[in-house]
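First the structure, in the form of structure tokens, and then the observations on it.
The values are calculated or read from the model by the stated rules, or taken from the named source; none is laboratory data. In this text the structure is predicted, and so the values were computed from the model without any measurement. Cβ atoms come from the backbone with ideal geometry, glycine included; neighbour counts cover every protein chain shown. When the accessible area is computed, the model is the full protein with side chains, heavy atoms only, and any ligands, DNA or RNA have been set aside. Shrake-Rupley method; radii C 1.70, N 1.55, O 1.52, S 1.80 Å.
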Amino acid sequence: MNLPVSTTPPDALLVRYGELALKRGNRFQFEQALMRNLRAACSSIEPVRVEREHGRLIVFAERRLESLAQRCAQVFGVTSISPAWLAPAEPEGICRVARGVLDDALAALPQGARPTFRVLTKRADKRFPLTSLELDRFVAERVLREGDPLVIELDRPQLVLGIEVRDGRAWVFARRIHGPGGLPVGTLGRVLCLISGGIDSPVAAWMALKRGCEVRYVTFHARGFIGEPALEKVGELVRVLATWQGSSRLLVVPFAPVQLALKAVTTSALDEGYRTILYRRMMQRIASRLALREECQALVTGESMGQVASQTLENLSCIEAAAELPVLRPLVAFDKQETVEIAQRIGAFALSAVQEPDCCTLFLPRKPITRGRIESCERIEQRLDLETLVAQTLEQVETLDLA
Ligand code: ATP
Ligand code: MG
């Protein structure tokens, strides 16, 4: 049989999502959110039309489907994407398209590769004349050529020529691009992430996004003491995270006045050791107020258990006690290496690795407390008019919308 070689671009993207994880009641909301997020993510490349069909989404666009596929691979809720070609829903027509799809897949193989291979049909359209197994065999017999570098293997093959027949049309594909999984951003609600320029908080934000949170960001910056590059770096990190959610809001809190006030009331050797914890408690207080303003339901931090001296259970308790909302710590049980791997994967690591001081390094105590006590924190804080300090700080907050 003379089958033409396809060098034509795909007709659409088949987008799969983790429907098994869904409860019945959530399905509709999940699918609507995913469709909305896919359209929004693609819009900077090309306008798309998204159709829903039997537990799949199909993304149509006039052009640039390859770039769109890469873009969809950054949309939470998507488990995989296949650029796919449309074929008439009849066996011969499918074979004609299938050889072209296979040629493209073979052309992309590394030199000398001989992957295991099979044809795998899914037939939602029961009017079709052949069963799935019959169509697998029918296509394989007609499409494979002597000399194709393929080893037929039905069990866990490396290369699958996929065919899906449904609603009077067939889709043919050979590639599967991994998606990030998770839940569509926005389906769980909105959170405020305390982000520094470090490695951890951007990863914590990414994990909150992955579980369906819309994330807004707050950073504390000691202007006048800590240089502007430290703040620019946080902005860059938020931009990287914006590729997973779209335009993202960063609130910048000028923190030097608060730190100066805390320094002034921690002059004894013992009290001085509390400075870092006290900074963090003020961050929680201010972030809680901002979260309410921004209609966020929880705070997110990059803290994990025991990673640094300030992250003992005692100190985490002291810090959390100042928050007015639940504090989520997606990295709580991660080793540093696990966090670094995710940071690398999401493109944040190189930025985070650039050394810039954090405001918490300002007026560092000589001997930081590792087992803080809440009563001691409160005893020191009584020396300040906290409400006024918080209110004055809130007036100075800057809002940046970054994309
Ligand atoms: P990171 O890598 O995120 O800086 P870390 O492991 O260095 O985290 P800490 O520096 O102790 O740990 O910070 C703990 C958490 O406190 C951070 O993950 C972040 O959520 C928050 N945080 C620290 N400094 C700031 C800041 N300047 N602005 C906003 N949040 C901050
Ligand atoms: Mg840090």
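Things worth noting here:
- Net charge contributed by nearby residues that have their C-beta within less than 10 Å of residue 368 (K/R +1, D/E -1): +2
- In order along region 265-280, phi translates into HN-Hα couplings of 9, 10, 9, 6, 4, 5, 4, 4, x, 8, 3, 4, 4, 5, 4, 5 Hz, rounded to whole numbers, per the Karplus curve 6.51 cos²θ - 1.76 cosθ + 1.60 with θ = phi - 60° and x for Gly and Pro.
- Added length on full extension, which subtracts the Cα-Cα distance from 0.36 nm per residue, residue 354 to residue 292: 19.1 nm
- Principal-axis analysis of the Cα atoms of the chain puts helix 386-395 at an angle of about 50° to the longest axis.
- Percent carbon-and-sulfur accessible area, the chain, ignoring ligands, DNA and RNA, probe 1.4 Å: 53
- Extension gain, residue 269 back to residue 305 (0.36 nm per residue minus Cα-Cα distance, nm): 10.3 nm
- Dipole check for region 248-318: with +1 at the C-beta of Lys and Arg, -1 at the C-beta of Asp and Glu, and the Cα centre as origin, the magnitude is about 220 Debye.
- Each peptide in 39-48, 282-291 receives the mean, over its residues, of other Cβ atoms within 10 Å, and ordering these scores from highest gives 282-291, 39-48.
- Annotation: residue 67 carries an accessible surface of approximately 50 Å², with a 1.4 Å probe and no ligand, DNA or RNA atoms counted.
- Selected from 48, 157, 144, residue furthest toward positive end of dipole (region 12-178; charges at beta carbon): 48
- Between region 118-170 and region 212-237, the Cα center-to-center distance that results, in Å: 52
- Counting only Cβ charges, +1 for Lys and Arg and -1 for Asp and Glu, the dipole size of region 190-402 around its Cα centre is about 220 debye.
- Label point 7 Å beyond Cα of residue 8 along Cβ direction - residues of region 130-149 with amide nitrogen under 17 Å: none
- Region 265-325: C-alpha gyration tensor shape, a/c 1.5 cut-off, then a/b vs b/c: oblate
- For residue 233, a cut-off of 21 angstrom between C-alpha atoms picks up these lysines, skipping any fewer than 8 places away in its own chain: 336.
- Local electrostatic count, residue 213, Cβ distance below 14 Å [Lys/Arg +1, Asp/Glu -1]: +3
- Helix 132-143 axis, angle to the chain major axis (alpha carbon atoms, nearest 10°): 70
- Compared with the dominant Cα axis of the chain, that is its longest principal axis, helix 228-242 is turned about 30°.
- For region 10-92, the residue among 89, 77, 12 whose Cα projects farthest onto the positive side of the dipole built from Cβ charges is 77.
- Taking each DSSP H run with n ≥ 4 as -39500 (n - 2.57) and averaging over every residue of the chain yields -11500 deg cm²/dmol at 222 nm.
- Solvent exposure of the chain, expressed per residue, is 47 Å² of accessible area, with all protein chains present and a 1.4 angstrom probe.
- Among beta bridges that DSSP assigns inside the chain, antiparallel share in %, nearest 5: 55
- Given charges at Cβ of Lys, Arg, Asp, Glu: region 190-402 dipole, positive-most of 308, 192, 207: 308
- Whole-number percent relative contact order across the chain, with pairs defined as alpha carbons under 8 Å at least 6 apart: 16
- Estimated translational D of the chain in µm²/s (Stokes, Kirkwood radius over Cα pairs; 37 °C; 0.692 mPa s): 136
- Relative to one another, the C-alpha centroids of region 254-310 and region 342-357 are positioned 23 Å apart.
- Peptide ranges 304-310, 139-145, 220-226 listed from the most packed, as the mean C-beta count within 10 angstrom indicates: 220-226, 139-145, 304-310
- Inter-part distance where region 87-111 and region 28-51 are each reduced to a Cα centre, Å: 28
- Taking 298, 242, 113 as the candidate residues, the one with maximal mean-square fluctuation in a Gaussian network model of the chain, Cα springs under 10 Å, is 113.
- Net +/- balance of residues flanking residue 123 in space, Cβ distance below 15 Å, scoring K and R +1, D and E -1: 0
- Rounded to the nearest 20 debye, the dipole magnitude of the chain is 580 debye, with +1 charges on Lys and Arg beta carbons, -1 on Asp and Glu beta carbons, and the Cα centre as origin.
- All lysines inside 22 Å of residue 263 as judged from Cα atoms, apart from same-chain residues fewer than 8 positions distant: 367
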